[in-house]
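Student: Dumping the structure here so I can ask a few things about it.
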Amino acid sequence: MKLKRNKLLVEPPAGASSDIAFILIVFFLVCASVEPEQGRSQNLPNDDKEQKEQAEVPEVKLMPNVVLLDGVEMPKSKLQNKLTQRFAQKEGKANRIVSLNADPAVRYDRWIEYTSMIETAGGTITLQIEETKTKVVD
Amino acid sequence: MKIPKRSFEASVPSMAMGDIAFLLLIFFVILARAQDDSHLKWQPAKAEELEQAKHHKASVVIDVGNKYYLNGKELENPSQKGKLDKKDLTNKLKVLLGEAKEDRTVLLKVHKETKAERFEPVIEAISAAGAEIHHVLEQENN
């Protein structure tokens, strides 16, 4: 007597393949679109009203190779401590304003490094921008 | 004699659903990419103690070629080529941010080698629009 063979191979349901494909597309899209947007927030005062209230505003002059605090050259390691000491007695953002004057040739990574230091010391940054205008005289 | 009513069965073909969903997805992806700036080339500066960006309505990019972009679209200045029109950027940001007092964050993505003469006017323009700047940076590993 011959035994009948059972059919063991079963095809997967074709109706579900489009759903699987759709879910895979969504998965890859989400993976591709998630961009890290970590960083640092900064709220600069948009007028100089606050600056006028503070009698003595420390001025940081940032140049490509050196940094000056009120005209005196300051090593990178000392700047934060100096500013922290200055702000120790002062309360409120309006009394902790630092005027930052960056040389036009200063790179963004250097600017970020020093503004981070000033903000860690408790300072609020205001930018001092020198604008150059060229006039052609006949 | 009564004629029996014919019953018609009308059903939506379910096999087409996958294709419809796929086309809809492509449509929305293309729509979203119009405001996207992921195609722009720039390298972030490194810093410590970073925080995640809040909900933002606008992003400004300065790429490796020193060009300015607002929400992925290049900002042009017909009067002075290559220079930023600060007033124009401020006005565009004011329109995008609206009157709301909250959610006024603007993402700022600046290539790390960009000079101050290029990025400071952008910072000034964003501040003039009354927005909070979020510098997009890379975590520095010590």
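The values are calculated or read from the model by the stated rules, or taken from the named source; none is laboratory data. In this text the structure is predicted, and so the values were computed from the model without any measurement. Note: ideal-geometry Cβ built from the backbone for every residue, glycine included; neighbour counts use all protein chains shown. For the accessible areas, the whole protein counts, side chains as well, though only heavy atoms, and no ligand, DNA or RNA atoms are used. Shrake-Rupley method; radii C 1.70, N 1.55, O 1.52, S 1.80 Å.
Student: Just subtract the alpha-carbon distance of B:K2 and B:K101 from 0.36 nm times their residue separation and send over the number in nm, one decimal.
Tutor: 28.3 nm
Student: Within segment B:29-97, report the trypsin sites (Lys or Arg not before Pro) that DSSP leaves as loop and that have at most 12 other Cβ atoms within 10 Å.
Tutor: Counting only loop positions with at most 12 other Cβ atoms within 10 Å, the trypsin sites (Lys or Arg not before Pro) in segment B:29-97 are B:K41, B:K81, B:K83.
Student: Then there's this: Tilt of helix B:17-33 relative to the longest C-alpha principal axis of chain B, in degrees (0 to 90, nearest 10)?
Tutor: 20 degrees
Student: Can I ask one more? Using 1/(1 + (r/R0)^6) with R0 = 30 angstrom and r between the beta carbons of A:N81 and A:V26, what's the FRET efficiency to the nearest 0.05?
Tutor: That pair, A:N81 with A:V26, gives E of 0.05.
Student: Counting only the heavy atoms of the protein chains, how much of B:M15 is accessible to a 1.4 Å probe, in Å² to the nearest 10?
Tutor: 140 Å²
Student: A 25 angstrom limit on the alpha carbon distance is what I want to check against. Which of B:K54/B:K109; B:K81/B:K101; B:K73/B:K109; B:K73/B:K94; B:K67/B:K101 exceed it?
Tutor: Check vs 25 Å cut-off fails for B:K81/B:K101; B:K67/B:K101.
Student: I would also like to ask the following. In degrees between 0 and 90, to the nearest 10, how far off the longest principal axis of chain B does helix B:116-128 point, with axes built from Cα atoms?
Tutor: Once rounded, the angle reads 60 degrees.
Student: Separate question: With an 8 Å cut-off on Cα pairs and a minimum separation of 6 or more residues, tell me the relative contact order of segment B:28-78 in percent.
Tutor: Reported relative contact order: 36 percent.
Student: B:K57 to B:S14: FRET efficiency via 1/(1 + (r/R0)^6), r the Cβ-Cβ distance, R0 30 Å, to the nearest 0.05?
Tutor: 0.15
Student: Still on this model: Going out from 0 in 5 Å bins, what whole percent of all Cα-Cα distances in the protein assembly as shown drops into each bin?
Tutor: Spelled out bin by bin, the protein assembly as shown gives 1, 5, 9, 12, 14, 12, 10, 7, 5, 4, 4, 3, 3, 3, 2, 2, 1, 1, 1, 1, 0, 0, 0, 0 percent.
Student: Something else about it: Please give the length that would be gained between B:L23 and B:N91 if that part of the chain were fully extended, namely 0.36 nm times their separation in residues minus their C-alpha to C-alpha distance (nm, one decimal).
Tutor: Gain in length upon complete extension: 20.8 nm.
Student: Could you please state how large a percent of the accessible area of segment B:46-139 is carbon and sulfur, counting protein chains only and using a 1.4 Å probe?
Tutor: Heavy-atom surface of segment B:46-139 belonging to carbon and sulfur, 1.4 Å probe: 44 percent.
Student: Nearest 100 Å², what total accessible surface is buried between chain A and chain B (probe 1.4 Å)?
Tutor: The contact between B and A buries close to 3200 Å².
Student: Also, I was wondering about something else. What is the diffusion coefficient of segment B:46-139 in µm²/s, taking the Kirkwood radius over Cα pairs and the Stokes-Einstein relation at 4 °C with a viscosity of 1.567 mPa s?
Tutor: Taking Rh from Cα pairs, D becomes 95 µm²/s.
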